[in-house]
1. Please determine whether any residue of region 129-149 is farther than 30 Å from Leu40 by Cα and surrounded by 13 or more Cβ atoms within 10 Å (Cβ to Cβ).
2. Of the residues that make up region 88-95, is at least one loosely packed, with under 14 Cβ neighbours inside 10 Å, among the charged types (D, E, K, R), under 18 Å from Val54 (Cβ atoms) and within 11 Å of the chain's Cα centre (by Cα)?
3. Name every residue in region 17-36 that is assigned to a helix (DSSP H, G or I) and at pLDDT below 85, in order of residue number.
4. Could you pull out the residue among Leu130, Leu107, Leu143 that is in contact with a Ser or Thr (Cβ under 7 Å, 6 or more places away or on another chain) and among the aliphatic types (A, V, I, L, M)?
5. Exactly one of (1) of a type outside the set (Val, Ile, Thr); (2) within 30 Å of Val4 (Cβ to Cβ); (3) touching a residue at least 60 places away in the same chain (Cβ under 8 Å) is unmet by Gly92. Its number?
Amino acid sequence: MSSVQKTKEGTYRVQFYLGKSKRQKTFKTKAEAYKFAVKLESSPYQISKKYTLVDLLQKYKKEVTPKKHSAKAEGLRIDRFYRLPMATLAIGEVDKATIQKYVDDRLVTPNTQRGGFISPATVIKEVQVLSGAFNYAIDLGWLKDNPCHKLPPFY
């Protein structure tokens, strides 16, 4: 949140938080100050703290997935993500380490249908779904970059 206040000098000060630190910026006119405040509220940094991974995946499943040839399979993969602990994280908190932990855990998950473990190909497809959702968030202006693009190869 940001706040606009008039100073003793007749200028306008916008106070806001960037991360955990409080910042301020001064403007000559009230209109400039409010314009800056609105821009701050709609910045990817602020929005990425507002929405969770579940919110993003639901929007992605509703608006993007139906247009794909593999909509049914992708929808099932997205449904699986809803049950994961990382689904409750804000999308700005999902980073390379979070995705890498998911990949590492998934690769040692037992395959109940065929025995053995989940194949790397399956995990790659799941990460591709996540990557597509994060690219969609970038298109919406919710994020600046895709945390899946920073992953090392794991196959």
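The values are calculated or read from the model by the stated rules, or taken from the named source; none is laboratory data. Remember, predicted model here, so these are calculated numbers, not experimental data. Please note: Cβ atoms are built from the backbone with ideal geometry, for glycine as well, and neighbour counts cover all protein chains shown.
1. Checked against the condition, which is being farther than 30 Å from Leu40 by Cα and surrounded by 13 or more Cβ atoms within 10 Å (Cβ to Cβ), region 129-149 yields no hits at all.
2. Among the residues of region 88-95, at least one is loosely packed, with under 14 Cβ neighbours inside 10 Å, among the charged types (D, E, K, R), under 18 Å from Val54 (Cβ atoms) and within 11 Å of the chain's Cα centre (by Cα), which makes the answer yes.
3. Matches in region 17-36: Phe36 only.
4. It is Leu143.
5. Failing condition for Gly92: (3).
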